[in-house]
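Report on the following structure.
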Amino acid sequence: MPNRNESLNLLNQYIEGESLLHHSKMVAKAMEAYATELGKEATVVEEWWTAGLLHDLDWEKFPDEHPNKAINDILPAHDYSKEVIDAIKAHAPERTGKAPEAEIERYLFACDELSGFMHAVSLMRPTGFEGMKVKSVNKKLKTLKFAESVPRDDIKKGAELINKELNDHISFLISVFS
């Protein structure tokens, strides 16, 4: 499997937008933190990080084919593991037909939308993630006009998939991103 630098280089070949690059790196950081928290061995931590980093690899250049272009053409050609490819496939079940089942798949689903939403919340704060409270994230989740493209149901489902209370999931990610 490619190393971190090779994965970052691949990401930069397909994504130019700063916002999507930032999101990809946030999800990678969240996945790495959860894998570490769960006591995964180093090679597994790397797979989790990689799945987070590359989950939206084809979004910018092939939005209508996302994530199928990445999982069928791009990632296999670069020798990414089945676990990474399956996790990326399962993060968009409505597009691929694959529900998140394996642990890495469930965590990627859980971290994707919530990371993006929390980034939006951080942009509204003068101190970003520093000092962010779970209560303020929840308040924004209830404000449907705020980051309205983020599916709240997926955020709730993600927490359920990893057997965490949503508040605990939010709290963990605040600590990761602070």
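The values are calculated or read from the model by the stated rules, or taken from the named source; none is laboratory data. Remember, it's a predicted structure, so these values are computed and weren't measured experimentally. These accessible areas exclude ligands, DNA and RNA; they are computed on the full protein's heavy atoms, side chains included. Shrake-Rupley method; radii C 1.70, N 1.55, O 1.52, S 1.80 Å.
Put the Cα centre of the stretch 59-89 next to the Cα centre of the stretch 35-57 and the gap is 16 Å. Each residue of the stretch 63-76 was assigned a 3J(HN,Hα) from its phi angle through the Karplus expression (A = 6.51, B = -1.76, C = 1.60, θ = phi - 60°), giving x, 6, 9, 5, x, 5, 4, 5, 6, 9, 10, 6, 5, x Hz with x at Gly and Pro.
Amide H to amide H distances under 5 Å link Phe146 with no residue, where only residues 5 or more positions off or on other chains count and H is placed in the peptide plane.
Per the 1.4 Å probe, what fraction of the accessible area of the stretch 37-106, in percent, lies on carbon and sulfur atoms? Of the solvent-accessible surface of the stretch 37-106, carbon and sulfur hold 45 percent. Excluding ligands, DNA and RNA, the accessible surface per residue across the stretch 1-107 is 47 Å² with a 1.4 Å probe. With a threshold of 28 Å on the Cα-Cα distance, the over-threshold entries among Lys98/Lys156; Lys61/Lys140; Lys89/Lys133; Lys25/Lys157 are Lys61/Lys140; Lys89/Lys133.
Hydrophobic long helices, here whole DSSP H runs in the chain with Kyte-Doolittle means of at least -0.5 and Cα atoms spread over 15 Å or more along the helix axis, are found at 18-37, 42-54, 103-123, 166-177.
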